[in-house]
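Enquirer: A single structure is presented below for examination.
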């Protein structure tokens, strides 16, 4: 159910400001053309679409985003960033959202104990290091 | 440079009310200042504008005289290079005052007290930003005593 | 011609082929790649947030070391390349970060982004030239239908990587043609393979690599080359690849083959 | 001792709400030289102006200061008032206490103090003002129009109909411009050629219009009323007098290898060509880069077949010097290059085309004779995707930050034409916003949706994947959040408009400015939309910013009216604020002559009596007709021998002193 | 130099007797050992007192101002730096070239009397002779030989143009143009000042400027200061009063330095003649240094046909006040 109170835009929200700071991106530049979503190669793994991520930030609805799978489905491939007509780098915003979560103690995306079991013998170091950098603090 | 930041600076320096003289070319920067007004942008009243036809009309004498008469900062604003109403005037401004700016710094005038910038007629925002920026820096520096005529009373 | 060479950790373990063939070929081409001393892992992903400095320091050390030797820094792994290049760009353009990094590192000479970072492919294209390369080919790869897979890290963001057109790159195709192979053009060559998502979201990666391989197959490719160990891993892990419909190798392997130095 | 009168305007509450007028009036009374002061609600009103006039007479005022809005607003108003009261208008000064004071400050005390200070500076300057008398110059009663598109044609016709000679210079072989390439025009769907061609013919038949096609303006000097222009007539390789336009040469030319510019590269043309059948003038040109005769020396077929012997391989570029009273710039626009938008496959796939190419493909006179087919296999498309905002509203490096303005409408038009021709063909339009501000525009676009069944999708396309003989279009419906995949046969891109690549050079040549996107800048965005900052030079059409045909034509007529305003005068007055040399001080170093942007300063020899002896000396001399009053020379002059009337060294120093008190 | 002195005298005599010129402008030995001052010679017999020695530091070009010379035909002797001055005044149209015959004198360097005094070589000094790179000081107590560069003016050690760049007739052999000190070193004192804080710089210059008596010797000797009427003498403009006031001293010196931008040939005469030893060359050289850095190397007086830096421009000129590029993120 949608409550009226919930969709009041609140750009000044501390968390939104923080996201903008960490990413150094300007979310008001976005005019919701959806080009990011249209070109995102990982879009099938996203419950909230990239352009909706920005829209929710514009509306100050950060909680939904922090609970989403979308931010973990972003592979930081920069396809969206390189095509965005408004020069907004969404990959940086996704990263800022992930950091907001993993920087809180005990909030790691990956349980380090379980990692070894996840890995097969061919997986390159690069994948493991990247994974740790993205999912763990 | 935000008005908020500027207000903070004002509070810090309390009694110090700087005087900034801005020479603005009629076609771009003076018009930019007009646009700042038409757009109701805010910048402090410490900035006072003198209209000149072109930034190349500004003589080094004028800048020094302003400092002699107690200005805490001086600004010269003209059209962007390439956009001069008089075709090439501001190219000369650029050379003349690049040298003067360095010379003033060389004799110990803080760099922030003398600013040259390009502000077009459509850049009302930039005009306010530049003015606020200079004012903020001058605030931090405090009143200018250098070059000031000891006999002059403001 | 001497170059500082930064291998990166994957090339010393799971992607030894990428390095081995590159070094053999370089030698055959008269290029001296000198591995940097005491290099550290670059961190594999460029930290996208503005407030992370520590994770960029390892790269700056390598960059500064190359600067001190007066050599360009050559990379081979696409991930390392992206990191080196972007950190270098930060050091050139972000005053704040430059100051913090230099304060922290206390190098003899402050590092300001003076080094030039080039990928092995850029070395081939810009310093040696594909025409010269073609003349040095001993065993032309005639009849081989090879699809080049670029991935993301070499191409994007364009303003910083400055590698090729991010939407329609040609460097790998030009490279393949110079070896005598037939380069297969297919629209998915720049689409992402999923990268590190394979650690956490295999199902997402699966569809991504599927699209890529299917598109290459559709255009008649028999094999795929890439410059990134993680791309290779993800592509190889796909259903289509497991079924043996296509093989994945590093571009350097084909290079060594054509130069006849594979077994050197 | 001067008698200064100061008039302080409230501007309703615009000034008076932030500036304490009473305090200003009180302060003014104590300023040196002030003998009279008066405040009023609207000083610019007739009543207000009368206050000024009456006071000048009553109080014998010798100088007047008006503290009001910007001098850019009402300086001329008050100068006229002063003149009416018998005072030299240049003895009046304005203190800008509105734009520079009441509107930008909130603190009433500070604003009041500043208003006093600005007024004091104006008083100090006014006291030093000198009466100035503008000079007069004659006006060359001929206009130059640069660019032969619809804007240029309309301007030329309007000026010529008013009875003045017009030279219309067009870079390409024919006038007509972009409009000649269009098929139908929105929002009425009337045929573009049907409404344009008659105007082209009118222009060519008009006895006051000279068309210089295949020509370029190379040099512009002088000033309003007296521009001196060099026009380069490029070698056409055809004798225009002899050519009858029979077209035999076009048909016989064996070198049909060049891509037709007019057909947007969709078909080939011969080396000798007229861009399109209705070209004006209907005289071909030889494209020397393609022509076999010019490349190898052999061939010469056109010369052999020409019945009138009009072919002239020896023809050379010619230069023509002409004087003009006014210049109108109508150089038009271009579409951006789409090479950097690789995701749309424009450069790589023939079935991805631009809107302008679509115009040619549906045009009955176009390369397919009006049969709309895919360029790749000449098959009829079943699904066509239109993408708007390709490069428009794009802040990134590859795009343009502005809205191109015409694309929403022409895309609707294209989709309608498509559905009209092939009712079974599906049309999809991806858009960010649909903008239809214009008479009949909204109704037109809604017709596309409601009557023609065009599918409008708010969203963008990420990438096009050519797959088999289809174009797989990956897009999104941003409203529903559905990710879409459309198997299209053809994609039409609404590429952004941009200023002509050479616009900034043209701007420099004419000394008019361009904005950050290289469109020419008008003198005022609202009130002087067709004037430039350079007197006597006017703008019309898309060279000033993206524009559709109705707007362009309106602007063209407006520019013509402005130009006629100049041409209809026999004399123009000069700005009297020009430099002058004090010959007794001038050392003759002539540094001023080297920097003067107008070459208005020359040297002359004078004879001076020094200690009873005649001494011949070299000094600088200002040509008041050429001087535009920038004042740059005054700064090169170290002793201050050259000074600017109206902005003299003493006046500006006095202002500095007054402001700093 | 002895030999050349004789040659000069001969040339001067011939020029005067042959009515080639009305006046010869050269140097004359005064009563003191370091005194070789400018003098006009109109008669053949006067020429015997004409001199050319290592004390002919005075720049004669400044005396050629056309109003000084009226319509007389002048023969003038110029050293390297005087020739630059000559050209600069030509560029400013302050010399009637057709009224002047220029005799060029390659200059080995000029002796700084202060350095002589510091070495106590002036006691009973009768004559200084030049011998290669050494100078022989002939005193009542015998001869003392010192390396020339130890007593030459500092400015001579940096001199790049010891051979006149303009002349009608060159007298003697050209001297080697290598400088004793690295020419870029002439900016080292400027750089030292630049390295200080704004406060330190101000303190330094304030202490220097406040010594000024406004005697205008610096201006009067300067070949770049050749205006008919100096702006500082313009009472009507009222930019410089007579009072003892620091701000006016500062104003004078800044504007003086600024007015010779692109004209200053770096001859250092201003500092030399300053009775208060204000290091004016450090102002001039700062400006020269900045011109070189911003707009490319420029030597005033080298070629009168080139445009001086402040009356020309390049579209892509650098400036010293806009940081960074237009546009981009965060602006």
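Enquirer: Would you mention how many residues in segment E:289-312 are at the interface with chain B (Cβ under 10 Å from one of its Cβ atoms) and either surrounded by 21 or more Cβ atoms within 10 Å (Cβ to Cβ) or assigned to a helix (DSSP H, G or I) (or both)?
Expert: Residues that pass the stated criteria total 9.
Enquirer: Just the residues that are surrounded by fewer than 21 Cβ atoms within 10 Å (Cβ to Cβ) and either in contact (Cβ under 8 Å) with a residue 40 or more places away in the chain or in a helix (DSSP H, G or I) (or both), please, taken from segment D:512-547.
Expert: Within segment D:512-547, D:517, D:535 qualify.
Enquirer: Tell me which residues, restricted to segment D:14-35, are out of contact with any strand residue (DSSP E or B) (no Cβ under 7 Å at 6 or more places or on another chain) and not in a helix (DSSP H, G or I).
Expert: D:14, D:16, D:17, D:18, D:19, D:20, D:30, D:31, D:32
Enquirer: Within the bounds of segment D:579-586, is there any residue that is within 14 Å of chain E (Cβ to nearest Cβ), touching a strand residue (DSSP E or B) at 6+ places or on another chain (Cβ under 8 Å), under 30 Å from residue E:312 (Cα atoms) and surrounded by 22 or more Cβ atoms within 10 Å (Cβ to Cβ)?
Expert: yes
Enquirer: So which residues in segment B:76-88 are more than 10 Å from chain E (Cβ to nearest Cβ) and either within 16 Å of the chain's Cα centre (by Cα) or assigned to a strand (DSSP E or B) (or both)?
Expert: Within segment B:76-88, B:77, B:78, B:79, B:84, B:87 qualify.
Enquirer: Going residue by residue through segment D:489-509, is there one that turns out to be under 22 Å from residue D:348 (Cα atoms), outside the structural domain of residue D:168 (by TED's automatic domain parsing) and either at pLDDT below 90 or surrounded by fewer than 23 Cβ atoms within 10 Å (Cβ to Cβ) (or both)?
Expert: Yes - at least one qualifying residue is present in segment D:489-509.
Enquirer: State all residues of segment C:45-58 that are closer than 19 Å to residue A:24 by Cβ and free of Cβ contacts under 8 Å to residues at least 60 places away in the same chain; if no residue qualifies, say none. Write out each step before concluding.
Expert: First, pick out the residues of segment C:45-58 that are closer than 19 Å to residue A:24 by Cβ: C:45-56.
Matches in segment C:45-58: C:46, C:47, C:48, C:49, C:50, C:51, C:52, C:53, C:54, C:55, C:56.
Enquirer: Here is a check on your reading of the model: is residue D:608 in a strand (DSSP E or B), more than 30 Å from the chain's Cα centre (by Cα) and in contact (Cβ under 8 Å) with a residue 40 or more places away in the chain?
Expert: no
Enquirer: Here is a check on your reading of the model: is residue D:564 more than 12 Å from chain B (Cβ to nearest Cβ) and more than 30 Å from residue D:332 (Cα to Cα)?
Expert: The answer is no for residue D:564.
Enquirer: Also, quick follow-up: Residue under question is residue A:134, and the condition is that it be over 23 Å from residue D:476 (Cα atoms), within 10 Å of chain C (Cβ to nearest Cβ) and within 13 Å of the chain's Cα centre (by Cα); does it hold? If you could, list the steps in order and put the result at the bottom.
Expert: Values: over 23 Å from residue D:476 (Cα atoms): yes; within 10 Å of chain C (Cβ to nearest Cβ): yes; within 13 Å of the chain's Cα centre (by Cα): yes.
Taking the combined requirement at face value, the residue satisfies it.
Enquirer: Under 8 Å between Cβ atoms, which residue pairs at least 6 apart in sequence (or on different chains) link something in segment B:130-150 that is free of Cβ contacts under 8 Å to residues at least 24 places away in the same chain with a partner that is in a loop (DSSP other than H, G, I, E, B)?
Expert: Hits for this filter: B:150/E:245.
Enquirer: To continue, here is another question. Taking residue D:413, is it in contact (Cβ under 8 Å) with a residue 60 or more places away in the chain, surrounded by fewer than 18 Cβ atoms within 10 Å (Cβ to Cβ), assigned by TED's automatic domain parsing to the domain that holds residue D:352 and touching a strand residue (DSSP E or B) at 6+ places or on another chain (Cβ under 9 Å)?
Expert: Answer is no for this residue.
Enquirer: Any residue at all in segment D:295-309 that's over 26 Å from residue D:212 (Cα atoms) and within 14 Å of another protein chain (Cβ to nearest Cβ)?
Expert: No; the residues of segment D:295-309 include none that is over 26 Å from residue D:212 (Cα atoms) and within 14 Å of another protein chain (Cβ to nearest Cβ).
Enquirer: Then there is this: Run residue B:48 past the list (1) surrounded by 24 or more Cβ atoms within 10 Å (Cβ to Cβ); (2) facing chain D (nearest Cβ under 9 Å) and report the number of the one that doesn't hold.
Expert: (1)
Enquirer: Something else now. Among D:325, D:300, D:332, D:309, which is touching a helix residue (DSSP H, G or I) at 6+ places or on another chain (Cβ under 9 Å), at positive phi and crowded, with 21+ Cβ neighbours inside 10 Å?
Expert: When all the criteria are applied, what remains is D:332.
Enquirer: Go through segment D:591-619 and count every residue that is at the interface with another protein chain (Cβ under 10 Å from one of its Cβ atoms) and modelled with pLDDT of 90 or more.
Expert: 9
Enquirer: Are any residues in segment E:235-271 more than 25 Å from residue E:308 (Cα to Cα) and either more than 11 Å from chain B (Cβ to nearest Cβ) or assigned to a helix (DSSP H, G or I) (or both), and if so, which ones?
Expert: Selection gives E:235, E:236, E:242, E:246, E:247, E:248, E:249, E:250.
Enquirer: What number of residues within segment B:89-119 satisfy the criterion of being surrounded by 23 or more Cβ atoms within 10 Å (Cβ to Cβ) and assigned to a loop (DSSP other than H, G, I, E, B)?
Expert: Within segment B:89-119, residues that are surrounded by 23 or more Cβ atoms within 10 Å (Cβ to Cβ) and assigned to a loop (DSSP other than H, G, I, E, B) number 3.
Enquirer: Given the conditions (1) without any contact (Cβ under 8 Å) to a residue 40 or more places away in the chain; (2) touching a helix residue (DSSP H, G or I) at 6+ places or on another chain (Cβ under 7 Å); (3) more than 14 Å from chain C (Cβ to nearest Cβ); (4) assigned to a helix (DSSP H, G or I), and given that residue A:52 satisfies all but one, which numbered condition is not satisfied?
Expert: (2)
Enquirer: Moving to a separate point now. Out of (1) farther than 18 Å from residue A:44 by Cα; (2) surrounded by fewer than 24 Cβ atoms within 10 Å (Cβ to Cβ); (3) assigned by TED's automatic domain parsing to the domain that holds residue D:397; (4) in contact (Cβ under 8 Å) with a residue 40 or more places away in the chain, what's the single condition that is false for residue D:471?
Expert: Condition not satisfied by residue D:471: (2).
Enquirer: Which ones in segment C:67-107 are within 23 Å of residue C:37 (Cβ to Cβ) and in contact with a strand residue (DSSP E or B) (Cβ under 8 Å, 6 or more places away or on another chain)?
Expert: Listed by number, the residues that qualify are C:69, C:71, C:72, C:73, C:74, C:75, C:76, C:80, C:81, C:84, C:85, C:88.
Enquirer: For residue D:637, are the conditions met, namely being touching a residue at least 24 places away in the same chain (Cβ under 8 Å), within 11 Å of chain B (Cβ to nearest Cβ), over 22 Å from residue E:225 (Cβ atoms) and touching a helix residue (DSSP H, G or I) at 6+ places or on another chain (Cβ under 6 Å)?
Expert: Details: touching a residue at least 24 places away in the same chain (Cβ under 8 Å): yes; within 11 Å of chain B (Cβ to nearest Cβ): yes; over 22 Å from residue E:225 (Cβ atoms): no; touching a helix residue (DSSP H, G or I) at 6+ places or on another chain (Cβ under 6 Å): yes.
It is false that residue D:637 is touching a residue at least 24 places away in the same chain (Cβ under 8 Å), within 11 Å of chain B (Cβ to nearest Cβ), over 22 Å from residue E:225 (Cβ atoms) and touching a helix residue (DSSP H, G or I) at 6+ places or on another chain (Cβ under 6 Å).
Enquirer: Going by what's in this entry, would residue E:140 be described as loosely packed, with under 14 Cβ neighbours inside 10 Å and either within 14 Å of chain D (Cβ to nearest Cβ) or over 29 Å from residue E:306 (Cβ atoms) (or both)? Walk me through how you get there before you give the answer.
Expert: Numbers: loosely packed, with under 14 Cβ neighbours inside 10 Å: yes; either within 14 Å of chain D (Cβ to nearest Cβ) or over 29 Å from residue E:306 (Cβ atoms) (or both): yes.
Judged against the criteria, residue E:140 is a match.
Here's the yes/no breakdown for (1) within 14 Å of residue A:41 (Cβ to Cβ); (2) touching a helix residue (DSSP H, G or I) at 6+ places or on another chain (Cβ under 7 Å); (3) within 11 Å of another protein chain (Cβ to nearest Cβ); (4) not in a helix (DSSP H, G or I):
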position	(1), (2), (3), (4)
A:75	yes, yes, yes, yes
A:80	yes, yes, yes, no
A:85	no, yes, yes, yes
A:93	no, yes, yes, no
A:96	no, yes, yes, no
A:105	no, no, no, yes
A:121	no, no, yes, yes
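Enquirer: Please return the ranges of helices (runs of 4 or more DSSP H) entirely within segment B:1-69 where 1 or more residues are modelled with pLDDT under 85.
Expert: The qualifying helices (runs of 4 or more DSSP H) are B:3-13.
The values are calculated or read from the model by the stated rules, or taken from the named source; none is laboratory data. Everything numeric here is computed off the predicted structure, so don't read it as measured data. All Cβ positions, glycine included, derive from the backbone under ideal geometry; neighbour counts span all protein chains shown.
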